[in-house]
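Before any comments, here is the structure.
Throughout, read-outs are computed from the coordinates displayed, never taken from laboratory work. As the structure is a prediction and not an experimental result, all values here were calculated from the model. Cβ sites come from the backbone with ideal geometry, for glycine too, and all protein chains shown count toward neighbours.
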């Protein structure tokens, strides 16, 4: 087996024949081809849920403009837990989702509340 690393700045190009073949396929044919690819099995509902939750956590943090470490420290979240959430290894429970919603809408209010809490 040959291993290689893709360069994100220079993705591989399709050959003319591959481009013609793919352009000729409708959505159903593309979906069928993807489903039959043993190297790319479809995601389960649970996997999709984890990825959706991970994206949400990353978006909330990105909205604040803070790094993982600073976000975790500022909002008193364990940095390892934050990484697990952002990478989809664990799913946030309802309390974490509610806390993230408040951080997303009112980060300064959360900061003030935490400062006053000692």
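Please indicate, with yes or no, whether at least one residue in segment 90-97 is surrounded by 14 or more Cβ atoms within 10 Å (Cβ to Cβ) and either under 30 Å from residue 1 (Cα atoms) or out of contact with any helix residue (DSSP H, G or I) (no Cβ under 7 Å at 6 or more places or on another chain) (or both). Spell out the reasoning first.
Of all residues in segment 90-97, those surrounded by 14 or more Cβ atoms within 10 Å (Cβ to Cβ) come to 90-92, 96-97.
From what is left, the residues that are either under 30 Å from residue 1 (Cα atoms) or out of contact with any helix residue (DSSP H, G or I) (no Cβ under 7 Å at 6 or more places or on another chain) (or both) are 96-97.
Checking segment 90-97: at least one residue is surrounded by 14 or more Cβ atoms within 10 Å (Cβ to Cβ) and either under 30 Å from residue 1 (Cα atoms) or out of contact with any helix residue (DSSP H, G or I) (no Cβ under 7 Å at 6 or more places or on another chain) (or both).
Could you please give the count of residues in segment 72-89 that are within 17 Å of the chain's Cα centre (by Cα) and either farther than 20 Å from residue 48 by Cβ or surrounded by 17 or more Cβ atoms within 10 Å (Cβ to Cβ) (or both)?
Taking segment 72-89 as the starting set, the residues that turn out to be within 17 Å of the chain's Cα centre (by Cα) are 79-89.
Okay, now just the ones that are also either farther than 20 Å from residue 48 by Cβ or surrounded by 17 or more Cβ atoms within 10 Å (Cβ to Cβ) (or both), so 79-83, 85-86, 88.
Total meeting the criteria: 8.
Does residue 58 meet the test of being surrounded by 15 or more Cβ atoms within 10 Å (Cβ to Cβ) and either in contact with a strand residue (DSSP E or B) (Cβ under 7 Å, 6 or more places away or on another chain) or part of a helix (DSSP H, G or I) (or both)?
On the way: surrounded by 15 or more Cβ atoms within 10 Å (Cβ to Cβ): yes; either in contact with a strand residue (DSSP E or B) (Cβ under 7 Å, 6 or more places away or on another chain) or part of a helix (DSSP H, G or I) (or both): yes.
For residue 58, the condition - surrounded by 15 or more Cβ atoms within 10 Å (Cβ to Cβ) and either in contact with a strand residue (DSSP E or B) (Cβ under 7 Å, 6 or more places away or on another chain) or part of a helix (DSSP H, G or I) (or both) - is met.
Within segment 21-31, identify whether any single residue is in contact (Cβ under 8 Å) with a residue 40 or more places away in the chain and touching a helix residue (DSSP H, G or I) at 6+ places or on another chain (Cβ under 8 Å), and answer yes or no.
Applying the first criterion (in contact (Cβ under 8 Å) with a residue 40 or more places away in the chain) to segment 21-31 yields none.
The answer is no; no qualifying residue exists.
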(request) Report, ordered by the first and then the second residue, all pairs with beta carbons closer than 8 Å, sequence separation of six or more or different chains, a first member in segment 64-90 that is at negative phi, and a second member that is part of a loop (DSSP other than H, G, I, E, B) and surrounded by 14 or more Cβ atoms within 10 Å (Cβ to Cβ). (result) 71/77; 74/66; 81/90; 84/90; 85/91; 85/92
(message) Let me confirm something: among 51, 6, 30, which residue is closer than 30 Å to residue 91 by Cα and in a helix (DSSP H, G or I)?
(response) 51
(request) Return a yes/no flag: does segment 105-114 have any residue that is out of contact with any helix residue (DSSP H, G or I) (no Cβ under 6 Å at 6 or more places or on another chain), closer than 30 Å to residue 1 by Cβ and touching a residue at least 12 places away in the same chain (Cβ under 8 Å). (result) no
